[in-house]
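Scroll down for the structure; my scribbles are underneath it.
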Amino acid sequence: MPAPGESMTKSPSNAPSPEGDGLGCHGGQAEMRAAAEKAGQSEILDRYAADYPKGPHDQPQSMCPAFGSLRVGLRMRRTATVLSGSACCVYGLSFVSHFYGARRTVGYVPFDSETLVTGKLFEDIREAVHKLADPEKYDAVIVTNLCVPTASGVPLRLLPKEINGVRIIGIDVPGFGVPTHAEAKDVLSGAMLRYARTEAELGPVQAPRGGPSDKPTVTLLGEMFPADPVGLGMMLEPLGLAAGPVVPTREWRELYAALDCAAVAALHPFYTASIREFQEAGRPIVGSAPVGHDGTAAWLDAIGEACGISRDCVDQTKNRFLPMIKGALANAPIKGRVTLSGYEGSELLVARLLLESGADVPYVGTACPKTPYSAADRDWLEARGVHVEYRASLEKDIAAVEEFRPDLAIGTTPVVQKAKEMAIPGLYFTNLISARPLFGVAGAGSLAQVVNAAIGNKARFDEMREFFEGVGHGDTAGLWEEIPADHSDFRRKELAKAEKARKAADPKRVAESVV
C-alpha cells in the first residue's frame, strides 16, 4: 500500500512469494532461526533471547508479534511505517491494524526469491525510505523486517540514520525471536528511546507540545487505559511530582520528555529494552503499580524513595488516598472464584485488584516473562495462595479452568471459548478487562460491575447447555438423522504411520528414540 501522496512500491498482490526457500511461517522456528544465524543475525537473536526469555515451553500462543510494534508506530503522529516481509504476512498485519482503527497507510516493500537472494530487496527498501523521507510530513520512518527478511539477513542497520532530517528506524521483529506482540512494542519503543537519547546527548531537542513541566515528572511505561495517567497525576501531585509521558509515546518529541524524568514507573514490567535506555540515562525504575490499597501504598513509598520525597509528604499522600481506595473497594465487592490469563502484561495487577475486591483468584497466567519489576506483585499474590504462571501456554490456562472450575474465566479468546463450552461464564481480557482504569481510586471499583454481571450469567449458561444437550461434540456436533460413525481409530493409526515415516527419514530422531 503506497504512503499518502506517494507511489512508493509495487502492489503487494503483484509480488510473488519466495518459493523453494523454505522460509515463512510454515517453515518452522528451528529452520528460520538456523537460517538467520547463517545470515549473520546471531547478535540480534541473542539479545532478544536475553531480553525476552521464553520459558519452559517453546513460545506462548499469540498473534504475530510484529502487530505490537506496528501498532505503536501507527499510533504516532508524523510517523511513517514500512513493512518488509511475505505478502501474506503484510496483508494480515495490515488487516488487523485497520480492524483496530489504525486509519493510517501501511507501507510495503514486496520481494521475490531473486531480490531476496541478490540483495535487491535491501536496495528497494533504501529507495522506499528515501522517497518517504519528507520532513514536511514525517519526523520518523519505521522499517520493520518480518520473519523472512530477518532470516535472510536483510541488513536494516545499514540504512541511513536520517534523510533530509527525517529519522530512519530499522528493527527486526521475527516471530521466531520475539515471543509476543506485547514485547514487540518494547522492541520499537526501546529503539526510538535509544535514538532520542543520543539526540538529547548531542544538544538541545524539541520541547513537548505543552512545554516542559514545572515539576519533576514520572514517566509511565506501558500502554494503559486513557484515564489512568490522569489518576496517577492526581496521586503524584501532593508529592510535588507530575505524570510524565506514557511510553509508547504518541509523538517523537514526547520521547525527550520521557527521558527527562525523575523516575520511571514500569507499570508493564516487561519493557526490558526501554528500561535499559532509561537506566543508561540514569533514571531509577519503580516496579509494580498503584492497584488497590496495598499496591498503592507500596507504590507511593517506592516513588517517594526514588524521587527523594520526604517521609512525611509520602505519609500525608497515603493518608489522603488510601481511605478513598478502601472505601471504593468496599462499595464494589466481587464474590466468586475467578481464573485470569492474558497477554497484555497487566495480568498480575488485575489479579491484585480482584483479590482486594473480595474475589477468590487461584490462578493467574501471563504470556509475558518474569522480570524484577513484577516481583512485588508475584510475591503479594503467592503469599495469598495464588499460582502465578509466567509464559503461560494455552494448555496451562485451560487446565486451570478445568481444575478450579471458576465462577468466571477471564482470558484469551480460546480460553473463554473453552470456559463457555463448560457452561462457565467467560470474559475476553483485552477488550473487557484491560480497557478499564486499574489504578488508584478510579481503578478500585472499575471491575466489579462487569465481573459481577458475568458471574451472574451462570444460570443462563446452565440453561443453554441443558437445551443443547445431545447435539454432539466434535465430529458428531449438530443434529443428525443418523449419528456419524466414529473414525478416531483410523486417525490414530494414520498419525502413528506419519510419525513413523518422519522418524525413518530423520536419523537423529531414530537415535533419540532408541536412547
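Name the residue farthest towards the positive end of the dipole of the chain from the options TYR373, VAL450, ALA49, assuming +1 on Cβ of Lys and Arg, -1 on Cβ of Asp and Glu, about the Cα centre.
Farthest along the dipole direction, towards plus: TYR373.
Ranked from the most accessible area to the least, with a 1.4 Å probe and all protein chains present, what is the order of TYR271, TYR91, TYR195?
TYR91, TYR195, TYR271
To the nearest 20 debye, what is the magnitude of the charge dipole of segment 94-237 about its Cα centre, counting +1 on the Cβ of each Lys and Arg and -1 on the Cβ of each Asp and Glu?
Values: 14 positive and 18 negative charges, 21 e Å.
Dipole size: approximately 100 debye.
Give the lysines whose C-alpha is closer than 26 Å to that of LYS318, dropping any in the same chain fewer than 8 places away, or say none.
Partners within reach: LYS215, LYS326.
Heavy atoms of the protein only, probe of 1.4 Å, neighbouring chains included. What is the accessible area of HIS487 in Å², nearest 10?
110 Å²
Work through the residues other than GLY153 whose Cβ is under 12 Å from its Cβ and net out their charges, Lys, Arg +1 and Asp, Glu -1. Working shown, then result.
Working: positive: LYS38, ARG157; negative: GLU37, GLU43, ASP172.
Charge balance in the 12 Å sphere: -1.
Straight distance only, please: which lysines reach the Cα of LYS458 with their own Cα at less than 17 Å, same-chain residues fewer than 8 apart left out?
Straight-distance partners of LYS458: LYS335, LYS418, LYS420.
At a 1.4 Å probe, what is the % contribution of carbon and sulfur to the accessible area of the chain? Could you put the intermediate results ahead of the total?
Details: 12840 of 23770 Å².
C and S fraction of accessible area: 54 percent.
Can you tell me the FRET efficiency between TYR100 and GLU237 if r is taken as the Cβ-Cβ distance and R0 is 25 Å, rounded to the nearest 0.05?
Numbers: r = 33 Å, r/R0 = 1.32.
Here the calculated transfer efficiency is 0.15.
For segment 116-197, give the magnitude of the charge dipole about the Cα centre (Cβ charges: +1 Lys/Arg, -1 Asp/Glu; no others), in debye to the nearest 20.
That gives segment 116-197 a dipole magnitude of about 160 debye.
Got a sec? What order do PHE278, PHE468, PHE122 fall in by accessible area at 1.4 Å, biggest, i.e. largest, first? Don't skip to the end; give the middle numbers.
Numbers: PHE278 0, PHE468 110, PHE122 20 Å².
Largest accessible area first, the list is PHE468, PHE122, PHE278.
Give me the lysines in straight-line cross-link reach of LYS137: C-alpha distance below 29 Å, same-chain residues under 8 apart excluded.
Correct list for LYS137: LYS10, LYS120, LYS161, LYS185.
Considering only SER84, PRO216, PRO229, whose Cα is most displaced toward the positive end of the charge dipole of the chain, charges sitting on Cβ of Lys, Arg (+1) and Asp, Glu (-1)?
Result: PRO216, furthest along the dipole toward the positive end.
Largest first, how would LYS335, LYS326 line up by accessible area (1.4 Å probe)? Intermediate results must be reported in sequence, preceding the final value.
On the way: LYS335 145, LYS326 120 Å².
In descending accessible area the options line up as LYS335, LYS326.
Which value, in Å² rounded to 10, gives the accessible area of LYS185 with a 1.4 Å probe and all protein chains present?
Here the residue's solvent-accessible area equals roughly 10 Å².
So for the pair ARG502, GLN279, with labels modelled 7 Å out along Cα→Cβ, what separation do we get in nm?
About 3.9 nm separates the two model spin labels.
Treating the beta-carbon of each Lys and Arg as +1 and of each Asp and Glu as -1, no other charges, what is the dipole magnitude of segment 290-443 about its Cα centre, to the nearest 20 debye?
On the way: 16 positive and 19 negative charges, 59 e Å.
Dipole about the Cα centre, nearest 20: 280 debye.
Which value, in Å to one decimal place, does the Kirkwood hydrodynamic radius take for the chain when every pair of different Cα atoms is included? Intermediate values should be presented prior to the final figure.
Values: mean 1/r = 0.0398 Å⁻¹.
Averaging 1/r across every pair of different Cα atoms and inverting gives 25.1 Å.
Give the accessible area for ARG253 in Å² (nearest 10); use a 1.4 Å probe, count only protein heavy atoms, and leave out ligands, DNA and RNA.
Near enough 50 Å² of accessible area.
The values are calculated or read from the model by the stated rules, or taken from the named source; none is laboratory data. For clarity, every value in this text was computed on a predicted model and none was experimentally measured. All Cβ positions, even for glycine, are placed from backbone atoms using ideal geometry, and neighbour counts span all protein chains on display. What goes into the accessible areas is simple: the full protein's heavy atoms, side chains included, and nothing from ligands, DNA or RNA. Shrake-Rupley method; radii C 1.70, N 1.55, O 1.52, S 1.80 Å.
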